[in-house]
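This report concerns only the one structure given below.
The values are calculated or read from the model by the stated rules, or taken from the named source; none is laboratory data. Note that the structure is a prediction, hence the values are computed from the model and not measured. Cβ sites come from the backbone with ideal geometry, for glycine too, and all protein chains shown count toward neighbours. Areas reflect the complete protein model, heavy atoms only, side chains present, ligands, DNA and RNA absent. Shrake-Rupley method; radii C 1.70, N 1.55, O 1.52, S 1.80 Å.
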Amino acid sequence: YAKRRGSYGVVIERDRVGVVRSGGYETFFFVGGGVDDGGSENGSLRREAREEIGYEIEVGEKLGEAVEYFYSNAEKRYTAKECHFYRVTLVKKMPEKGKHELVWISQDRIDEMHYQCYRWAIERELK
């Protein structure tokens, strides 16, 4: 398995979950992405939030870690997705638009998250 380390934000407001809708997918993602070699999880998460959804964020407490194994059709390889989850607060909408759309889903839609580990992180945070 090719190892892919990433940092992801769990945004919850008034029992709704802030997630990313990415073109071409019918499922949802967390804001976040890969951590570059030598990069920090918090720094990568803040950068990804600006690029993906056009927001400055505050990175809070680390909620946990999970590894999910799958075959990536896009990369044509087996991947071990090492996810580091953080509680995140949206601070400020930036003038530049993000690459993707931030949408709010209710708890009963977490089965629509792209990865099982994303569902796990939401369930853990909502306990």
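Summary of computed values
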| read-out | value |
| --- | --- |
| Residues satisfying the stated conditions in the range 61-82, i.e. of a type in the set (Gly, Ala, Ser) and over 14 Å from the mean Cα position of the chain (by Cα) | Ser72, Ala74, Ala80 |
| Output for the range 56-69, where each listed residue is in contact with a Ser or Thr (Cβ under 8 Å, 6 or more places away or on another chain), within 30 Å of Lys97 (Cβ to Cβ) and not aliphatic (A, V, I, L, M) | Glu58, Gly60 |
| Cross-chain or 6+ apart pairs with Cβ under 6 Å, the range 1-28 first and closer than 18 Å to Lys99 by Cα, then buried (at least 20 other Cβ atoms within 10 Å of the Cβ) and of a type in the set (Asp, Glu) | Val20/Glu52 |
| Sole exception among (1) out of contact with any helix residue (DSSP H, G or I) (no Cβ under 6 Å at 6 or more places or on another chain); (2) modelled with pLDDT of 95 or more; (3) of a type in the set (Gly, Ala, Ser) for Ser22, by number | (2) |
| Members of the range 1-39 found to be more than 15 Å from the chain's Cα centre (by Cα) and closer than 11 Å to Cys83 by Cα, listed by number | Lys3 |
| Top-ranked residue in the range 95-109 [being open to solvent by less than 50 Å² (accessible area, probe 1.4 Å) and within 13 Å of the chain's Cα centre (by Cα); ranked as farthest from Arg46 (Cα to Cα)] | Val103 |
| Contacts under 7 angstrom Cβ, first residue in the range 81-109 being touching a residue at least 60 places away in the same chain (Cβ under 8 Å), partner in a loop (DSSP other than H, G, I, E, B) and of a type outside the set (Asp, Glu), 6 or more apart | Lys81/Tyr115; His100/Ser22 |
| Pairs with Cβ under 8 Å, 6+ apart, first in the range 58-74 and among the hydrophobic types (A, V, I, L, M, F, W, C), second at pLDDT 95 or above and open to solvent by 100 Å² or more (accessible area, probe 1.4 Å) | Phe70/Tyr78 |
| Total residues in the range 115-127, condition crowded, with 18+ Cβ neighbours inside 10 Å and either outside any helix (DSSP H, G or I) or among the polar types (S, T, N, Q) (or both) | 1 |
